[in-house]
Amino acid sequence: MECEREVGEFIEKELKCGEDGEEHLSNVHDLLEKDIRKLAAAKQGMARVNAEDFHSNLDYGYPADYNKQSEVLMLYVNAHAKPDGMDDDNAAVEIVPKLSYEDATKKCEALNVVTVQASEGKATCVALTGGYESFHVQRWMRSGQEEKNGESPVVNLKNPLRHVSRGMQRNGVDQFHPPNLVDIHKHWGPLRRYLESYDAVTAELKPLLSRIAINKTVIVMVCNMGQASLLMNFACSAKSRGLEVGNVLVFATDEETKRMAEGLGLTAFYDEQNFGDMPVQEAGSYGDKKFVAMMYAKVVCVQLVNMLGYDVLFQDVDIVWYKNPLDVFHDETSELSDFDLLFQDDGARSIRYAPYSANSGFYYVRHNKRTRYLFTSLLYSSDLIAALHSHQQVLTAFITEHSSLFGTRVKTLDGSTFPGGYHYHRQKSLMEDIVKGTYVPWLFHMSWTKNKDNKLKFFKQMGLWYLKEQCEVYENISQNTNMMEQCCSVEPIISCHYRDKPSIHPCKDSPPIDKGRPSFWK
């Protein structure tokens with residue numbers, strides 16, 4: 001009680017009331033140490049800005065739902081940056097005044113933006129200190145030192161704060177770790193082959209790109225025979241909707257896939273030097289060895305096309321267009337035209353994919369010196385993909401670093417406009433609008449799906465499957481007839497499989513795939 005009394009007397013002494021009746025702290029500025037006052041004085045060095053006002057003026061590319069706070073706190077490092085009126089000691093100034101974005105930033109020659117996720121159950125603190133200016137966040141956690149002392153890496157308040165990677169989680173799992181010696185040595189072989197074959201490969205690739213590019217843009221896809229049916233469905237669906245795919249270049253990882261793609265009327269390229277050892281079968285699941293091997297192919301094909309001076313729309317084969325997305329990316333009046341890279345929103349909000357949650361299965365790259373070096377750097381560090389079993393995680397880390405280091409402008413696209421597997425499984429209202437036809441997105445990407453078999457079933461009950469059943473197995477296709485005429489249906493081929501997943505028709509009589517989930521249709 002004595003402590004509370006003393007605190008109360010201190011606050012009463014320091015809190016004074018101005019003639020206008022507004023309360024403000026008179027001496028907090030004087031109570032702070034001189035060095036801290038230089039960073040931000042409580043009375044005169046902070047302001048609040050409405051978050052919507054702030055983010056509508058400063059688009060740094062993160063998904064919109066990252067910005068859940070209603071206000072942004074502005075800190076003014078020195079007097080030159082402070083808005084007019086904040087240095088007037090006679091004015092009735094709020095402790096932390098609320099200003100418009102324009103007034104709050106009017107004198108800012110530079111503005112450093114730091115984002116913090118204020119999630120429940122995660123006791124995160126932020127320290128602002130003076131020193132040599134850094135553009136990285138140093139992360140410290142109360143984790144045990146497993147490598148040094150054999151302690152549990154799980155967060156425990158009894159442990160001292162220690163420096164950790166940005167991938168360290170409260171449960172002690174570190175989502176970012178460097179490649180081991182085996183991964184490094186394995187990477188040297190493919191990288192050596194790439195460098196030694198570069199001149200020959202690009203000499204063969206240049207005339208293909210020159211012939212098919214539209215507005216200096218090439219749509220790049222990677223495929224092996226295990227994914228052939230998904231590529232065929234993309235081609236068939238585009239034909240049914242009358243969409244232009246003449247600038248699609250399929251990087252086939254085997255000769256048979258090249259013949260199949262060309263049979264669909266698509267341009268295909270088989271780089272035996274770099275892709276000769278790639279798996280023919282589809283991956284069994286996300287992150288397995290076949291999956292990781294194909295991720296390297298994703299790195300090489302985008303790097304090659306971008307290096308030769310073209311914009312790239314990269315997309316996985318498990319995509320169906322409603323409209324041609326290049327119409328968005330080629331619109332010079334759009335706000336998106338200022339960004340170097342545009343990514344589909346993956347939907348995952350884990351630390352592995354922060355801060356962009358960029359889906360590496362659909363993205364647009366504008367060719368310039370920044371993106372050219374980005375993908376060259378990614379190629380040089382592809383051993384990290386092997387170590388982390390994720391092309392998406394590594395690419396997100398690289399775009400984050402290059403955005404800071406080189407000013408590369410990165411943007412995560414609106415999820416409802418470019419939906420994928422996250423929306424399929426977790427955004428029921430959006431999926432209802434799509435299947436009813438009351439809302440038409442640009443495309444649909446069947447990501448967040450365990451394997452190819454499920455992708456096919458989900459596509460079929462969504463009304464997004466256009467490949468006839470006899471052509472789902474490539475060996476059944478007659479090589480003596482036009483593949484498009486033989487295999488493509490004008491109308492979608494619809495069938496029910498799971499009642500708890502979105503479907504264009506009610507699938508109430510089908511079994512559920514997820515335990516405890518209600519039927520999609522009431």
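Derivation of every value follows stated rules applied to the coordinates shown; laboratory data play no part. Note that the structure is predicted; figures quoted are calculated from it, not measured. Virtual Cβ from ideal backbone geometry, glycine too; neighbours counted across all protein chains shown.
For the chain, the relative contact order comes to 12 percent (Cα pairs under 8 Å, sequence separation of at least 6). Here V137 and S337 are evaluated by their C-beta separation; at R0 = 22 Å the FRET efficiency comes out at 0.15. Between S416 and E272, residue separation times 0.36 nm minus the direct Cα-Cα distance comes to 48.0 nm.
At 0.36 nm per residue, minus the direct Cα-Cα distance, what do K122 and Q470 gain on full extension? Give it in nm, one decimal, please.
Residue separation times 0.36 nm, minus the Cα-Cα distance, leaves 120.0 nm.
Between S197 and A110, the simple spin-label model (points 7 angstrom out along Cα→Cβ) gives 4.5 nm. Short to long, the 5 Å bins of the Cα pair-distance histogram for segment 246-385 hold 2, 8, 15, 22, 23, 16, 10, 3, 1 percent of all pairs. Taking the longest Cα principal axis of the chain as reference, the axis of helix 391-406 is set at about 50 degrees.
Classify segment 202-255: rounded, prolate or oblate, from the alpha-carbon gyration tensor (a ≥ b ≥ c, eigenvalue square roots; a/c under 1.5 rounded; otherwise prolate if a/b is larger than b/c)?
Taking the square roots of the gyration eigenvalues as a ≥ b ≥ c, segment 202-255 is oblate.
Taking the Kirkwood radius as Rh and the Cα radius of gyration as Rg, segment 425-521 has a ratio of Rg/Rh equal to 1.02. Note on T129/N482: beta-carbon distance plugged into 1/(1 + (r/R0)^6) with R0 of 56 Å gives a FRET efficiency of 0.25. Taking label positions 7 Å along the Cα-Cβ direction at both H80 and Y60, the computed distance is 2.2 nm, reported to one decimal. If the Kirkwood radius is taken over C-alpha pairs of segment 332-397, then at 4 °C and 1.567 mPa s the Stokes-Einstein diffusion coefficient equals 101 µm²/s.
With 28 Å as the limit, write out which pairs from K68/K455; K82/K369; K122/K522; K68/K148; K323/K411; K148/K450 have Cα-Cα distances beyond it, or answer none. In this structure, K68/K455; K82/K369; K122/K522; K68/K148; K148/K450 exceed 28 Å between Cα atoms.
Extension gain, Y322 to R517, is 67.4 nm, computed as 0.36 nm per intervening residue step minus the present C-alpha separation.
At 7 Å along the Cα-to-beta-carbon direction for both Y373 and L308, put a label point, then send me their distance in nm to one decimal. A separation of 2.4 nm, rounded to one decimal place. Backbone amide hydrogens, once placed in the peptide plane, bring V220 within less than 5 Å of L249, L313, F314, Q315, excluding anything fewer than 5 places away on its chain.
When you count the other C-beta atoms within 10 angstrom of each residue and take the mean per peptide, 404-413, 156-165, 425-434, 390-399 line up highest first as 390-399, 404-413, 425-434, 156-165.
Let me know the shape class of segment 395-445, please: from the alpha-carbon gyration tensor, a ≥ b ≥ c as square roots of the eigenvalues, rounded when a/c is under 1.5, otherwise prolate if a/b is greater than b/c, or oblate.
In terms of gyration-tensor shape, prolate.
Over the chain, DSSP H runs of length four or greater, each weighted -39,500 (n - 2.57), average out per residue to a 222 nm ellipticity of -10500 deg cm²/dmol.
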